[in-house]
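Q: Dropping the structure in here first, questions after.
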Amino acid sequence: MAIRLVLAEDNYLLREGMARLIEAQPELELAAACKDYDSLIVAVEAHRPDVVLTDIRMPPTGTNEGIQAAEHVRRILPEAGVVVLSQYADPQYALQFLEKGSRGRGYLLKERVSDIDQLLSAIREVARGGSVIDPKVIDALVTARSKAPSPLRDLTVREGEVLSEMAQGKNNAAIAASLVLSERAVEKHINSLFSKLGLSEERDVSRRVKAVLLFLADAGG
């Protein structure tokens, strides 16, 4: 079954170009192509897409409409994925976008649009509930964090080891096996490092993503 997709981009030429790329893919079904936030919301509610592919800045304000749209999608279509496209490798946008969870969320730079395979991969990933973060956004976070004291400085050696394993995509059971710990001990270390990183009030998936981003920044990517 094709992935039903709604596209939003205020630049006419880019919107038309992306629409043609999408329509040429047999696994994608373009339900609507929108030019601003209001038309995007109407299209989402009318077509109930599997994935929304949206510019991060659009009329009416040209600020963070893509992130606002993602929050609207989360409320009315919690199983739908959203990929936001930005000209800016701004880690704060990415963190704001992932604030309420990373499930089904992708953040790519617009330069990736020319690589249809990479764009398709991101669409597929968010459609099945995964998450995608552009490597250049990680690099920007590294640069920003290098100018400030490391947020990981208060972690114990064991907490640092657990976070390193987490950054490799391992779940608690795999971390426990790798470090020869009980799963209960791993849970305690994870809760402690979340607290030290100021992530204790975040949702579980979101704080794991943010903790790994902080680790990658501190480790130089």
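Q: How do the pairs read when you match residues in the stretch 115-140 that are in contact (Cβ under 8 Å) with a residue 12 or more places away in the chain with residues anywhere that are surrounded by 17 or more Cβ atoms within 10 Å (Cβ to Cβ) and of a type in the set (Lys, Arg), using Cβ under 7 Å and keeping only pairs 6 or more apart or on different chains?
A: Final answer for the pair search is LEU119/ARG112; VAL126/ARG105; GLY129/ARG103; SER131/ARG103; SER131/ARG105; ASP134/ARG112.
Q: Which of the residues spanning the stretch 96-143 are modelled with pLDDT under 85, among the small types (Gly, Ala, Ser) and in a helix (DSSP H, G or I)?
A: Residues satisfying the conditions are SER114, ALA140.
Q: Shifting gears a bit: Using beta carbons and a limit of 7 Å, which pairs, at least six apart or on different chains, have the first residue in the stretch 175-190 and closer than 23 Å to ASP154 by Cβ and in contact (Cβ under 8 Å) with a residue 40 or more places away in the chain and the second one loosely packed, with under 15 Cβ neighbours inside 10 Å and among the polar types (S, T, N, Q)?
A: none
Q: A follow-up question, please. Report whether or not ARG15 is in a strand (DSSP E or B) and surrounded by fewer than 23 Cβ atoms within 10 Å (Cβ to Cβ).
A: no
Q: A further question on this structure: I'd like the full set of residues that are under 17 Å from GLY169 (Cα atoms) and in contact with a helix residue (DSSP H, G or I) (Cβ under 6 Å, 6 or more places away or on another chain), limited to the stretch 107-132.
A: Of everything in the stretch 107-132, just one residue is under 17 Å from GLY169 (Cα atoms) and in contact with a helix residue (DSSP H, G or I) (Cβ under 6 Å, 6 or more places away or on another chain), namely VAL132.
Q: Considering every residue within the stretch 68-78, establish whether at least one is without any contact (Cβ under 8 Å) to a residue 12 or more places away in the chain and either in contact with a Gly (Cβ under 6 Å, 6 or more places away or on another chain) or in a loop (DSSP other than H, G, I, E, B) (or both). Step through it out loud before you land on a result.
A: Pass one, the stretch 68-78, residues without any contact (Cβ under 8 Å) to a residue 12 or more places away in the chain: 75, 78.
Restricting the remaining residues to those that are either in contact with a Gly (Cβ under 6 Å, 6 or more places away or on another chain) or in a loop (DSSP other than H, G, I, E, B) (or both) gives 78.
The answer is yes; a qualifying residue exists.
Q: What number of residues in the stretch 42-65 are part of a helix (DSSP H, G or I), buried (at least 19 other Cβ atoms within 10 Å of the Cβ) and in contact with a helix residue (DSSP H, G or I) (Cβ under 8 Å, 6 or more places away or on another chain)?
A: 2
The values are calculated or read from the model by the stated rules, or taken from the named source; none is laboratory data. Just so you know, these numbers come straight off a predicted model, no measurement behind them. Cβ: placed from backbone, ideal geometry, glycine included. Neighbour counts: every protein chain shown.
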